[in-house]
Amino acid sequence: MTRKIIIDTDPGQDDAVAILLALASPEDFDVLGIVAVNGNVGLAQNAKNALTVVELSGRTDIPVYAGCERPMRRPLVSGAHVHGPTGLDGPDLPDPTIRLQEQHGVDFIIETLRREEPGTVTLCTLGPLTNIAMALVKAPDIAARVRELVMMGGAYFEVGNITPAAEFNIYVDPEAADIVLTSGIPIVMIPLDVTHGVLSFQDRLDGFAGLGNKAGKAVAEMLTFSQRFDLDKYGSEGAPLHDPCVIAWLLKPGLFEGRQINVTIETASELTLGMTVADYWRITDRPKNVLYLRSADDKGFYALLNERLARLP
Ligand code: RIB
Ligand code: CA
(Lines give C-alpha, C1' and ligand atoms only; values in the text may rest on other atoms or scores of the structure.)
(Ligands and ions follow the chains in the order given, each with its own letter.)
Protein backbone atom coordinates (compact mmCIF):
# COMPACT_ATOMS: atom_id res chain seq x y z
CA MET A 1 0.00 0.00 0.00
CA THR A 2 1.66 3.26 -1.09
CA ARG A 3 1.67 6.19 1.32
CA LYS A 4 0.57 9.60 0.00
CA ILE A 5 3.21 12.20 0.83
CA ILE A 6 3.94 15.88 0.28
CA ILE A 7 7.62 16.86 0.56
CA ASP A 8 8.33 20.39 1.83
CA THR A 9 11.96 21.24 1.23
CA ASP A 10 14.81 23.78 0.90
CA PRO A 11 17.28 21.92 -1.36
CA GLY A 12 20.26 21.74 -0.14
CA GLN A 13 22.26 18.68 -1.07
CA ASP A 14 20.83 16.56 1.76
CA ASP A 15 17.28 17.54 0.75
CA ALA A 16 18.18 16.38 -2.76
CA VAL A 17 19.17 12.93 -1.50
CA ALA A 18 15.92 12.69 0.45
CA ILE A 19 13.88 13.62 -2.63
CA LEU A 20 15.79 11.08 -4.76
CA LEU A 21 15.19 8.37 -2.13
CA ALA A 22 11.45 9.07 -2.17
CA LEU A 23 11.18 9.22 -5.97
CA ALA A 24 13.14 5.96 -6.24
CA SER A 25 10.46 4.22 -4.16
CA PRO A 26 7.20 4.34 -6.16
CA GLU A 27 5.95 1.13 -4.55
CA ASP A 28 6.12 2.90 -1.18
CA PHE A 29 5.20 6.50 -1.97
CA ASP A 30 2.60 8.34 -3.99
CA VAL A 31 4.38 11.71 -4.04
CA LEU A 32 1.52 14.18 -4.46
CA GLY A 33 3.86 17.15 -4.81
CA ILE A 34 7.07 18.84 -3.75
CA VAL A 35 6.91 22.33 -2.20
CA ALA A 36 9.94 24.59 -1.90
CA VAL A 37 10.32 26.73 1.20
CA ASN A 38 12.70 29.50 2.24
CA GLY A 39 15.85 28.44 4.04
CA ASN A 40 19.26 27.30 2.79
CA VAL A 41 19.70 29.47 -0.33
CA GLY A 42 16.39 31.33 -0.57
CA LEU A 43 13.05 30.38 -2.09
CA ALA A 44 13.76 30.99 -5.79
CA GLN A 45 17.00 28.98 -5.81
CA ASN A 46 15.55 26.29 -3.54
CA ALA A 47 12.62 25.93 -5.95
CA LYS A 48 14.93 25.74 -8.98
CA ASN A 49 16.99 23.12 -7.16
CA ALA A 50 13.87 21.06 -6.47
CA LEU A 51 13.11 21.09 -10.22
CA THR A 52 16.70 20.07 -10.97
CA VAL A 53 16.51 17.12 -8.58
CA VAL A 54 13.14 15.95 -9.90
CA GLU A 55 14.56 16.03 -13.43
CA LEU A 56 17.67 14.12 -12.29
CA SER A 57 15.35 11.43 -10.87
CA GLY A 58 13.51 11.04 -14.17
CA ARG A 59 10.18 11.46 -12.33
CA THR A 60 9.09 14.60 -14.20
CA ASP A 61 5.48 13.63 -13.46
CA ILE A 62 5.89 15.04 -9.94
CA PRO A 63 4.61 18.64 -9.60
CA VAL A 64 6.85 21.20 -7.89
CA TYR A 65 5.52 24.34 -6.18
CA ALA A 66 7.07 27.42 -4.60
CA GLY A 67 5.88 28.29 -1.10
CA CYS A 68 6.73 31.13 1.26
CA GLU A 69 9.48 33.58 0.43
CA ARG A 70 10.51 34.30 4.02
CA PRO A 71 9.91 33.18 7.61
CA MET A 72 6.74 34.33 9.42
CA ARG A 73 8.37 36.97 11.58
CA ARG A 74 12.10 37.10 11.08
CA PRO A 75 14.56 37.80 8.27
CA LEU A 76 15.76 34.81 6.27
CA VAL A 77 18.81 32.94 7.56
CA SER A 78 21.09 31.53 4.87
CA GLY A 79 22.62 28.05 4.71
CA ALA A 80 24.92 28.94 1.82
CA HIS A 81 27.97 28.52 4.06
CA VAL A 82 27.20 24.79 4.05
CA HIS A 83 25.47 24.24 0.72
CA GLY A 84 27.34 26.75 -1.48
CA PRO A 85 25.81 29.68 -3.37
CA THR A 86 23.61 27.49 -5.60
CA GLY A 87 22.53 25.20 -2.75
CA LEU A 88 23.42 22.20 -4.93
CA ASP A 89 27.13 22.86 -5.35
CA GLY A 90 29.20 19.79 -6.23
CA PRO A 91 27.83 18.19 -9.42
CA ASP A 92 27.51 20.04 -12.72
CA LEU A 93 23.79 19.51 -13.30
CA PRO A 94 21.90 21.04 -16.24
CA ASP A 95 19.34 23.77 -15.59
CA PRO A 96 15.88 22.21 -15.27
CA THR A 97 13.57 22.15 -18.32
CA ILE A 98 10.49 21.41 -16.21
CA ARG A 99 8.74 24.40 -14.61
CA LEU A 100 7.10 25.30 -11.33
CA GLN A 101 3.34 25.00 -10.93
CA GLU A 102 1.48 28.29 -10.92
CA GLN A 103 -0.35 27.61 -7.65
CA HIS A 104 1.29 28.80 -4.40
CA GLY A 105 2.69 25.90 -2.40
CA VAL A 106 0.69 26.77 0.70
CA ASP A 107 -2.55 26.64 -1.30
CA PHE A 108 -1.46 23.32 -2.82
CA ILE A 109 -0.96 21.89 0.68
CA ILE A 110 -4.39 23.12 1.83
CA GLU A 111 -6.20 21.99 -1.34
CA THR A 112 -4.57 18.56 -1.28
CA LEU A 113 -5.35 17.92 2.38
CA ARG A 114 -8.98 18.98 1.84
CA ARG A 115 -9.31 16.78 -1.28
CA GLU A 116 -7.69 13.59 -0.03
CA GLU A 117 -9.38 11.32 2.52
CA PRO A 118 -8.68 12.52 6.10
CA GLY A 119 -5.73 10.75 7.67
CA THR A 120 -4.18 9.61 4.39
CA VAL A 121 -1.58 12.32 3.60
CA THR A 122 1.83 12.47 5.30
CA LEU A 123 3.78 15.73 5.35
CA CYS A 124 7.56 15.27 5.04
CA THR A 125 9.38 18.48 6.00
CA LEU A 126 13.06 18.93 5.22
CA GLY A 127 13.44 22.66 5.91
CA PRO A 128 11.92 25.48 7.95
CA LEU A 129 8.23 24.97 8.76
CA THR A 130 6.93 28.24 7.28
CA ASN A 131 4.72 26.66 4.59
CA ILE A 132 3.07 24.22 6.99
CA ALA A 133 2.46 26.89 9.62
CA MET A 134 1.02 29.32 7.07
CA ALA A 135 -1.27 26.57 5.77
CA LEU A 136 -2.48 25.95 9.34
CA VAL A 137 -3.07 29.68 9.88
CA LYS A 138 -4.98 30.02 6.59
CA ALA A 139 -6.93 26.74 6.98
CA PRO A 140 -6.97 25.44 10.57
CA ASP A 141 -9.28 22.61 9.50
CA ILE A 142 -6.41 20.80 7.76
CA ALA A 143 -4.69 19.89 11.04
CA ALA A 144 -7.19 17.09 11.68
CA ARG A 145 -6.73 15.77 8.12
CA VAL A 146 -2.97 15.13 8.28
CA ARG A 147 -1.95 11.49 8.80
CA GLU A 148 1.35 12.53 10.37
CA LEU A 149 4.15 15.03 9.89
CA VAL A 150 7.69 13.65 9.74
CA MET A 151 10.24 16.43 10.11
CA MET A 152 13.97 16.81 10.06
CA GLY A 153 14.66 19.44 12.71
CA GLY A 154 15.60 20.16 16.26
CA ALA A 155 18.32 18.95 18.56
CA TYR A 156 18.69 18.19 22.23
CA PHE A 157 21.56 15.92 23.25
CA GLU A 158 23.51 17.00 20.16
CA VAL A 159 22.79 20.72 20.82
CA GLY A 160 22.48 23.28 18.02
CA ASN A 161 24.23 23.67 14.68
CA ILE A 162 23.34 27.23 13.65
CA THR A 163 23.53 28.58 17.20
CA PRO A 164 24.76 26.83 20.36
CA ALA A 165 21.09 26.14 21.20
CA ALA A 166 19.22 25.72 17.91
CA GLU A 167 19.14 23.56 14.79
CA PHE A 168 18.85 25.41 11.45
CA ASN A 169 15.33 24.37 10.30
CA ILE A 170 13.80 25.44 13.60
CA TYR A 171 15.97 28.52 14.05
CA VAL A 172 15.03 29.99 10.66
CA ASP A 173 11.34 30.09 11.64
CA PRO A 174 10.78 29.29 15.34
CA GLU A 175 7.27 30.76 15.30
CA ALA A 176 6.32 28.38 12.49
CA ALA A 177 7.80 25.45 14.39
CA ASP A 178 5.78 26.44 17.47
CA ILE A 179 2.55 26.58 15.44
CA VAL A 180 3.22 23.12 13.98
CA LEU A 181 4.26 21.49 17.28
CA THR A 182 1.13 22.80 19.05
CA SER A 183 -1.24 21.97 16.16
CA GLY A 184 -2.22 18.50 17.38
CA ILE A 185 -0.84 16.89 14.22
CA PRO A 186 0.94 13.59 15.01
CA ILE A 187 4.63 14.52 14.66
CA VAL A 188 7.80 12.46 14.22
CA MET A 189 10.86 14.62 14.88
CA ILE A 190 14.23 13.55 13.47
CA PRO A 191 16.79 15.78 15.21
CA LEU A 192 20.53 16.24 14.99
CA ASP A 193 20.72 13.59 17.74
CA VAL A 194 19.87 11.10 14.95
CA THR A 195 21.48 12.71 11.92
CA HIS A 196 24.85 13.10 13.63
CA GLY A 197 24.84 9.33 14.01
CA VAL A 198 24.58 8.59 10.28
CA LEU A 199 27.87 9.98 8.98
CA SER A 200 28.86 9.93 5.31
CA PHE A 201 32.29 8.36 5.59
CA GLN A 202 34.42 8.30 2.42
CA ASP A 203 33.66 4.64 1.71
CA ARG A 204 29.97 5.47 1.79
CA LEU A 205 30.45 8.36 -0.65
CA ASP A 206 32.50 6.00 -2.83
CA GLY A 207 29.59 3.56 -2.65
CA PHE A 208 27.23 6.17 -4.11
CA ALA A 209 29.72 7.03 -6.87
CA GLY A 210 30.12 3.31 -7.57
CA LEU A 211 26.41 2.74 -8.26
CA GLY A 212 27.19 3.44 -11.92
CA ASN A 213 24.26 5.77 -12.55
CA LYS A 214 23.88 9.56 -12.90
CA ALA A 215 22.05 9.83 -9.57
CA GLY A 216 24.75 8.01 -7.61
CA LYS A 217 27.48 10.12 -9.14
CA ALA A 218 25.57 13.36 -8.43
CA VAL A 219 24.87 12.33 -4.83
CA ALA A 220 28.54 11.56 -4.23
CA GLU A 221 29.53 14.94 -5.72
CA MET A 222 26.85 16.82 -3.74
CA LEU A 223 27.81 15.30 -0.40
CA THR A 224 31.53 15.65 -1.09
CA PHE A 225 30.91 19.38 -1.45
CA SER A 226 28.53 19.88 1.48
CA GLN A 227 30.55 17.75 3.90
CA ARG A 228 33.56 20.05 3.89
CA PHE A 229 31.95 22.52 6.33
CA ASP A 230 30.98 19.84 8.84
CA LEU A 231 34.28 17.91 8.60
CA ASP A 232 36.10 21.12 9.45
CA LYS A 233 33.66 22.09 12.21
CA TYR A 234 33.34 18.72 13.95
CA GLY A 235 36.71 17.22 13.02
CA SER A 236 34.97 13.94 12.22
CA GLU A 237 35.69 11.44 9.42
CA GLY A 238 32.24 11.87 7.90
CA ALA A 239 29.49 14.50 7.82
CA PRO A 240 25.96 14.10 9.19
CA LEU A 241 23.31 13.27 6.56
CA HIS A 242 20.14 14.98 7.71
CA ASP A 243 17.08 15.02 5.45
CA PRO A 244 17.10 11.48 3.94
CA CYS A 245 16.40 10.22 7.48
CA VAL A 246 12.82 11.50 7.09
CA ILE A 247 12.17 9.26 4.07
CA ALA A 248 14.19 6.38 5.53
CA TRP A 249 11.99 6.43 8.65
CA LEU A 250 8.90 6.05 6.52
CA LEU A 251 10.52 3.21 4.56
CA LYS A 252 12.11 1.37 7.50
CA PRO A 253 11.05 2.77 10.91
CA GLY A 254 12.83 -0.17 12.56
CA LEU A 255 16.13 1.52 11.73
CA PHE A 256 15.34 4.21 14.31
CA GLU A 257 14.67 4.42 18.03
CA GLY A 258 12.84 7.15 19.96
CA ARG A 259 10.12 7.93 22.46
CA GLN A 260 6.90 9.98 22.73
CA ILE A 261 7.73 13.13 24.67
CA ASN A 262 7.01 16.82 24.90
CA VAL A 263 9.02 19.16 22.72
CA THR A 264 8.48 22.91 23.11
CA ILE A 265 10.05 25.62 20.97
CA GLU A 266 11.85 28.64 22.42
CA THR A 267 10.41 31.70 20.61
CA ALA A 268 11.25 34.52 23.04
CA SER A 269 14.84 34.41 24.27
CA GLU A 270 17.36 35.74 21.76
CA LEU A 271 20.00 33.57 23.49
CA THR A 272 18.18 30.27 22.94
CA LEU A 273 15.79 31.21 20.11
CA GLY A 274 14.69 28.10 18.16
CA MET A 275 15.81 25.63 20.79
CA THR A 276 13.74 22.43 20.86
CA VAL A 277 13.30 21.91 24.59
CA ALA A 278 12.83 18.15 24.71
CA ASP A 279 11.42 16.72 27.94
CA TYR A 280 13.24 13.47 27.20
CA TRP A 281 13.15 12.26 30.81
CA ARG A 282 9.48 13.24 31.16
CA ILE A 283 10.09 15.60 34.04
CA THR A 284 7.08 17.80 33.27
CA ASP A 285 3.41 17.10 32.56
CA ARG A 286 3.57 18.92 29.24
CA PRO A 287 1.65 17.14 26.45
CA LYS A 288 3.63 14.40 24.69
CA ASN A 289 3.26 16.01 21.26
CA VAL A 290 6.24 14.42 19.45
CA LEU A 291 7.72 11.02 18.67
CA TYR A 292 11.31 12.16 19.23
CA LEU A 293 13.84 9.93 17.52
CA ARG A 294 17.15 9.57 19.31
CA SER A 295 19.27 7.15 17.26
CA ALA A 296 19.51 5.21 13.99
CA ASP A 297 21.18 2.07 12.60
CA ASP A 298 23.63 3.84 10.28
CA LYS A 299 24.68 0.70 8.41
CA GLY A 300 21.06 -0.14 7.64
CA PHE A 301 20.41 3.47 6.62
CA TYR A 302 23.21 3.55 4.05
CA ALA A 303 22.30 0.08 2.76
CA LEU A 304 18.76 1.35 2.13
CA LEU A 305 20.06 4.47 0.40
CA ASN A 306 22.33 2.43 -1.89
CA GLU A 307 19.61 -0.07 -2.73
CA ARG A 308 17.10 2.63 -3.68
CA LEU A 309 19.40 5.17 -5.37
CA ALA A 310 20.70 2.34 -7.60
CA ARG A 311 17.23 2.21 -9.18
CA LEU A 312 17.47 5.74 -10.59
CA PRO A 313 18.77 6.76 -14.04
O1 RIB B 1 20.17 21.42 10.26
C2 RIB B 1 20.08 20.61 9.11
C3 RIB B 1 18.98 21.08 8.20
O4 RIB B 1 19.27 22.40 7.75
C5 RIB B 1 18.85 20.23 6.92
O6 RIB B 1 17.50 20.19 6.53
C7 RIB B 1 19.66 21.00 5.91
O8 RIB B 1 19.18 20.82 4.57
C9 RIB B 1 19.40 22.41 6.33
O10 RIB B 1 18.16 22.81 5.76
CA1 CA C 1 16.85 20.87 4.31
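The values are calculated or read from the model by the stated rules, or taken from the named source; none is laboratory data. Only a predicted model underlies this, so the values are computations on that prediction, with no experimental measurement involved. Note that each Cβ is placed from the backbone with ideal geometry, even for glycine, and that neighbours are counted across all protein chains shown. To get the accessible areas, we keep the full protein, side chains included, count just its heavy atoms, and leave off ligands, DNA and RNA. Shrake-Rupley method; radii C 1.70, N 1.55, O 1.52, S 1.80 Å.
Points worth noting:
- Residue within segment 246-253 that is out of contact with any strand residue (DSSP E or B) (no Cβ under 9 Å at 6 or more places or on another chain), in contact (Cβ under 8 Å) with a residue 12 or more places away in the chain, closer than 24 Å to Asp297 by Cα and away from ligand 1 (no atom under 16 Å from the Cβ) present: yes
- Residues satisfying the stated conditions in segment 1-28, i.e. open to solvent by 10 Å² or more (accessible area, probe 1.4 Å) and away from ligand 2 (no atom under 16 Å from the Cβ): Met1, Thr2, Arg3, Lys4, Pro26, Glu27, Asp28
- Selection count, segment 202-254, where residues are at negative phi, part of a loop (DSSP other than H, G, I, E, B) and at pLDDT 95 or above: 8
- Some residue of segment 147-161 being within 16 Å of ligand 2 (Cβ to nearest atom), open to solvent by 10 Å² or more (accessible area, probe 1.4 Å), at pLDDT 95 or above and outside any helix (DSSP H, G or I): yes
- If you go through segment 52-61 and keep only what is touching a residue at least 24 places away in the same chain (Cβ under 8 Å) and open to solvent by 10 Å² or more (accessible area, probe 1.4 Å), you end up with Thr52, Glu55, Leu56, Gly58, Arg59, Thr60.
- Scanning segment 172-187 for residues that are touching a helix residue (DSSP H, G or I) at 6+ places or on another chain (Cβ under 9 Å), part of a helix (DSSP H, G or I) and within 19 Å of Pro75 (Cβ to Cβ) yields Val172, Glu175, Ala176, Ala177, Asp178, Ile179.
- When Asn169, Asn161 are checked against the criterion of being within 14 Å of ligand 1 (Cβ to nearest atom), of a type in the set (S, T, N, Q) and closer than 18 Å to Thr122 by Cβ, Asn169 stands alone in meeting it.
- Residue count for segment 105-132, restricted to those that are more than 16 Å from ligand 2 (Cβ to nearest atom) and closer than 13 Å to Asn38 by Cβ: 1
- Within segment 64-89, restricting attention to residues that are free of Cβ contacts under 8 Å to residues at least 40 places away in the same chain and in a loop (DSSP other than H, G, I, E, B), the residue that is farthest from Leu136 (Cα to Cα) is Ser78.
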